[in-house]
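So the structure is just underneath, and the comments pick up after that.
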Amino acid sequence: MPRKSPRSRRKPDAPRLPGKNRPRTTPGRGRRRAQAVGRKRSALHPGKGARVRAATVRKRVTRAPAKKRAPARRPARRLAPPDPARVAALLDALQRLYPDATTALHHRTPLQLLIATILSAQCTDERVNKVTPALFARYPDAAAFAAAPLPELEEMIRSTGFFHMKAMAIKSCCADLVAKHGGQVPCTMEELTALRGVGRKTANVVLGNACGIPGLVVDTHVARLAHRLGLTAEKDAVKIEFALMPVVPRERWTAFSHWLILHGRAVCNARKPRCSECALAPHCPRIGVTASA
């Protein structure tokens, strides 16, 4: 006779009926309590599937984002050295167009030119010339500028823009002039660029127009026209300056800067140059020009 299993031999439990001493439970209450207990147990002791899912989420969160590969830099386009005959023709044409070219900043001393050049950053020369007469009358020398109250100096140059930075540059520069040069403006590139607030562009303006030493001033007009005329492919102002040095004769450096600045304002503007009226058109490759008048 086959042996019965222990489960089959177990007597069925008598149905438990609610008695008088046992309060009847609210329907659904036990189910909610069981669900809450189950959630608590699963939080304390997660199963294998839950652990795997948690580890996957943790990996996704803690994984470092993939680094984006930087786009490859295109090498600077190198132009062939400009033809000396073409450069000579350009210089002669510019000299005929602007025979009396000089700086538009009004000044009487090298110090006044230095201050005016600092103020001309991101500002028109016309606006600077309206501000400097009262400024130079109030502060006649470097010691006066160095001792000037900063709020007062800022208020006098406010209309030139960036007045806080310019006031700090003027005070610092003049303090260096008083401490190192007896209040006089030096006439060497190394000494000028050692002054606080003075870069190569400002130093070249002072050298070429106050000291009689040739200097190549590279502003936005000079940089734009030097590229359009095919004289250099450089974009940085300092690199443009050094690229133009062997191209333009040294005795014409100062005048060349004035010529390009005046021509850039009058004819060869940034958006739509007037190439049909330009005297340099026969010698100009018009690099980068897409529309002209």
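The values are calculated or read from the model by the stated rules, or taken from the named source; none is laboratory data. From a predicted model like this one, the values you see are computed outputs, not experimental measurements. Backbone-built Cβ (ideal geometry, glycine too); neighbour counts: all protein chains shown.
Out of all the residues in the stretch 260-275, which are farther than 12 Å from Ala291 by Cβ and polar (S, T, N, Q)?
Hits for the stretch 260-275: nothing passes.
Looking at (1) surrounded by 20 or more Cβ atoms within 10 Å (Cβ to Cβ); (2) more than 20 Å from Ala203 (Cα to Cα), which one does Glu126 not meet, given that it meets all the others?
So the condition that Glu126 fails would be (1).
With the condition kept exactly as written, say whether any residue in the stretch 249-256 is of a type outside the set (Ser, Thr, Tyr), under 29 Å from the mean Cα position of the chain (by Cα) and assigned to a helix (DSSP H, G or I).
There is at least one residue in the stretch 249-256 that is of a type outside the set (Ser, Thr, Tyr), under 29 Å from the mean Cα position of the chain (by Cα) and assigned to a helix (DSSP H, G or I).
So in the stretch 99-119, with the set limited to residues that are modelled with pLDDT of 95 or more and among the hydroxyl-bearing types (Ser, Thr, Tyr), which one is surrounded by the most Cβ atoms within 10 Å (Cβ to Cβ)?
Thr117
Scanning for something in contact with a Leu (Cβ under 8 Å, 6 or more places away or on another chain) and either surrounded by fewer than 20 Cβ atoms within 10 Å (Cβ to Cβ) or outside any helix (DSSP H, G or I) (or both), does the stretch 189-197 turn up at least one residue?
yes
Please report, ordered by residue number, the helices (runs of 4 or more DSSP H) entirely within the stretch 107-186 with at least 3 residues that are touching a residue at least 24 places away in the same chain (Cβ under 8 Å).
The qualifying helices (runs of 4 or more DSSP H) are 110-119, 125-138, 142-147, 163-181.
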